[in-house]
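In what follows, a single structure is set out as structure tokens and then discussed.
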Amino acid sequence: MSSKLVLYYLSGSMPSRACMLLARLLNLNFEIKQVNIPNNEQFNEDFVKLNPAKKIPVLVDGDYVLSESRAILAYLVNSRSPGSNLYPTDPKQRGIVDQRLYYDATVFLPNMLAVIRPIVVEKKTEISPTLQKPIEESLEMIERYLNEYEYVAASHLTIADISMLPSVTTAREFGFNLTKYPRLNKWHHKLETLPGFDENLYGSKTNAAYLRKMVNGPIFNF
Amino acid sequence: MKLYHTPGSPPSRSVLMTLRCLEIDVEIHEIDLRKGENRTADFLKINPLGQIPVLDDGFILTESRAIMTYLANSRKNEKLYPSDPRKRAIVDSRLYFDATGLFVHIFAALSPMFFKGTTEVTPEVREKLKNALKYLEGILEKQKFFAGDEATLADISILSTVVQIKNTFGGLGNFSNLKAWFERCNILPGYDENLVGAQMIKEFFEKATFKIAPLE
């Protein structure tokens, strides 16, 4: 069974890039459709019909439509590569992956978006310095996870790594010094060999460059 | 199995309700957030983020929805968490929506009131909550529960958040599908316990010197 996969995507969106990275890793045949969020394309009638939550990424698999990046990551493994180590089927191992995914969704990514949204969406021209520490705390948390296992949720790569990678790359491009977190630094270096990493890096650099242009200076004074 | 639990917290209630639905025996340790019991050295050893709920099932698991899916997976419960990839992904999608698109906003509304003494829900937060509820209302146009015509983990998670919203705003406005769904969920074990846990929100606003305008 091979149905046409379409990923509604924006290179500036970390969750979008995570889905792109997994689709490349799984060697899936898929089409990317850009949704330009800064131009409010998520409010276009057709897109709203597709995803009334007006968010990207969205996965279309034949007649099936799925939103929420981490649900998409899980779905791609469950449907295209069931039993893969990328999303272990053992409940405890899967539970740890899921815990990292929810940490990413509810703490790490929001800490990054707190920097990006005011500039990209609200068109502000200043970044509050108080937003630096929460990101550092998230990087420290990932360092702690990497103290437990070689990858963030297990002794091998899982979708938890894929989910977090785009935000870590973006943090680095924002100027956060990853060498302060030795395990994280080593982990990030390892993941540079993932197919699609170049696109991830491009998206991160674009995020950072746009922010610097809008605030006319560095993102944080480190 | 131990659960570190705060009845006033929607995510904590969701885990407890999942345990009731799966008929799993659990030892409950109540953690009082207002007394800072989640910030003690002992508790931070269990969860460095100081958040509840925390499950101890021979290993520590945090993040309520990861705990819920872990419990359902370990019991292979097809109804609450179907194994079919497409059905499962919809449940996951709703769980992530609850976490990042619904609960986050009621949390942003209530935390400052409990911990910093603010007295209003800002227009921005109110708007975000209304949009999230509109999205959920739309899903219920075509189906009885959030992931189909049977109740799943998605409904448990969203129920805990919605009862928090209901008790904050004194009702669910004109969201008639949501109101009907809310009643429909009473078939689930642990429903009453979930509503009782949210009573403290009602009591907080009954004692407060300020009122929160209802949802339109």
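Is the C-alpha gyration tensor of the stretch A:105-221 telling us rounded, prolate or oblate? Criteria: a/c under 1.5 is rounded; beyond that, a/b larger than b/c is prolate, otherwise oblate.
prolate
Tell me the mean residue ellipticity at 222 nm calculated for chain B from its helices only (DSSP H runs of n ≥ 4, each -39500 (n - 2.57), averaged over every residue, nearest 500).
That comes out to -16000 deg cm²/dmol.
For B:Asn131 and B:Ile24, what is the calculated FRET efficiency with R₀ set at 22 Å and r taken between the beta-carbons, to the nearest 0.05?
With R0 = 22 Å, the Cβ-Cβ based efficiency is 0.05.
Once a ≥ b ≥ c are taken as the square roots of the eigenvalues of the Cα gyration tensor of chain B, is the result rounded (a/c under 1.5), prolate (a/b larger than b/c) or oblate (a/b not larger than b/c)?
In terms of gyration-tensor shape, oblate.
Using alpha-carbon pairs under 8 Å, 6+ residues apart, how would you state the relative contact order of chain A in percent? Intermediate results must be reported in sequence, preceding the final value.
On the way: 294 pairs, mean separation 52.5, N = 222.
Worked out over chain A, it gives 24 percent.
How would you rank A:180-189, B:1-10, highest first, on the average number of other Cβ atoms within 10 Å across their residues?
Peptide ranking by packing, descending: B:1-10, A:180-189.
Within the stretch B:24-111, report the trypsin sites (Lys or Arg not before Pro) that DSSP leaves as loop and that have at most 15 other Cβ atoms within 10 Å. Write down the numbers at each step before the final one.
Values: sites: B:Arg34, B:Lys35, B:Arg39, B:Lys45, B:Arg65, B:Arg75, B:Lys76, B:Lys79, B:Arg86, B:Lys87, B:Arg88, B:Arg94; in loops: B:Arg39, B:Arg75, B:Lys76, B:Lys79.
Taking the stretch B:24-111 and a limit of 15 other Cβ atoms within 10 Å, the loop trypsin sites (Lys or Arg not before Pro) found are B:Arg39, B:Lys76, B:Lys79.
Using DSSP to define loop residues, name the trypsin sites (Lys or Arg not before Pro) in the stretch A:1-68 whose beta-carbon has at most 11 other beta-carbon atoms within 10 Å.
A:Lys4
Taking each residue of A:52-60 in turn, how many C-beta atoms of other protein chains fall within 10 Å of its C-beta, and what is the average?
If you average over the peptide's residues, the count of other-chain Cβ atoms is 3.
When only Cα pairs under 8 Å and 6 or more residues apart are kept, what is the percent relative contact order across the stretch A:91-215?
After rounding, I find 29 percent.
Between the stretch A:50-119 and the stretch A:1-32, what's the alpha-carbon centroid distance in Å?
12 Å
Grab the beta carbon distance between B:Lys202 and B:Lys144, set R0 = 30 Å, and tell me the FRET efficiency rounded to 0.05.
0.65
Given the rule -39500 (n - 2.57) for each run of at least 4 DSSP H residues, summed and divided by the residues of chain A, what is its mean residue ellipticity at 222 nm, to the nearest 500 deg cm²/dmol?
Value at 222 nm, helices only: -16500 deg cm²/dmol.
Tell me, in nm to one decimal, what length is gained between B:Glu183 and B:Lys87 on full extension, where the rule is 0.36 nm per residue of separation less the Cα-Cα distance?
32.2 nm
Need one value for B:69-76: mean number of C-beta atoms belonging to other chains within 10 Å of its residues' C-beta atoms.
4
About the Cα centre, and with charges only on the beta carbon of Lys, Arg (+1) and Asp, Glu (-1), how big is the dipole of the protein assembly as shown? Nearest 20 debye, please.
Around 680 debye, computed over the protein assembly as shown.
Can you compute the equivalent ellipsoid semi-axes for the protein assembly as shown, i.e. the square root of 5 times each eigenvalue of the Cα gyration tensor, sorted largest first and rounded to whole Å?
31, 25, 24
Could you list the GluC sites (Glu not before Pro) in the stretch A:113-222 that lie in coil according to DSSP, counting only those with at most 15 other Cβ atoms within 10 Å of their Cβ? Please report the intermediate quantities before stating the final value.
Working: sites: A:Glu122, A:Glu126, A:Glu136, A:Glu137, A:Glu140, A:Glu143, A:Glu148, A:Glu150, A:Glu173, A:Glu192, A:Glu199; in loops: A:Glu122, A:Glu126, A:Glu150, A:Glu192.
The qualifying sites are A:Glu122, A:Glu126, A:Glu150, A:Glu192.
Starting from the Cα of B:Ser74, step 7 Å along the direction of its Cβ; do the same at A:Glu136; then give the gap between the two resulting points in nm.
My value for the distance between the label points is 3.7 nm.
Assign one of three labels to the stretch A:5-80, namely rounded, prolate or oblate, based on the Cα gyration tensor with a ≥ b ≥ c the square roots of its eigenvalues; rounded applies when a/c is under 1.5, prolate when it is not and a/b is larger than b/c, and oblate otherwise. Before the final figure, lay out the partial values.
Numbers: a/c = 1.96, a/b = 1.50, b/c = 1.31.
In terms of gyration-tensor shape, prolate.
So for the protein assembly as shown: antiparallel DSSP bridges make up what percent, rounded to the nearest 5?
Here the antiparallel bridges make up roughly 60 percent for the protein assembly as shown.
Summing both sides, how much accessible area is buried between B and A? Use a 1.4 Å probe and give Å² to the nearest 100. List each step's numbers first, then the result.
On the way: alone 10830 and 10930 Å², together 19290 Å².
Approximately 2500 Å², summed over both chains.
For the cross-link pairs B:Lys87/B:Lys144; B:Lys128/B:Lys202; A:Lys124/B:Lys116; B:Lys2/B:Lys166; A:Lys4/A:Lys54; A:Lys54/B:Lys130, which exceed 19 Å when the distance is taken from alpha carbon to alpha carbon?
Going by Cα-Cα distance, B:Lys128/B:Lys202; A:Lys124/B:Lys116; B:Lys2/B:Lys166; A:Lys4/A:Lys54 fall outside the 19 Å limit.
When we measure straight from the Cα of A:Lys133, which lysines land under 17 angstrom away, once same-chain ones fewer than 8 places off are left out?
A:Lys180
Could you check what % of the DSSP bridge pairs in chain B are antiparallel, to the nearest 5? Please report the intermediate quantities before stating the final value.
Values: 7 of 11 bridges.
The antiparallel proportion sits near 65 percent.
What distance in nm separates the two pseudo spin-label positions at B:Thr209 and A:Lys180, each 7 Å out from Cα along the beta-carbon direction?
Label at B:Thr209, label at A:Lys180, 4.2 nm between them.
Considering every residue in A:137-143, what mean count of other chain Cβ atoms within 10 Å of its Cβ is obtained? Write down the numbers at each step before the final one.
Details: counts 2, 0, 0, 1, 2, 0, 0.
Averaged over the peptide's residues, the number is 1.
The values are calculated or read from the model by the stated rules, or taken from the named source; none is laboratory data. Small disclaimer: the values here were computed from a predicted structure and weren't measured. Here the Cβ is made from the backbone with ideal geometry for all residues, glycine too, and neighbour counts use every protein chain on show. Note: areas computed on protein heavy atoms with side chains; ligands, DNA, RNA excluded. Shrake-Rupley method; radii C 1.70, N 1.55, O 1.52, S 1.80 Å.
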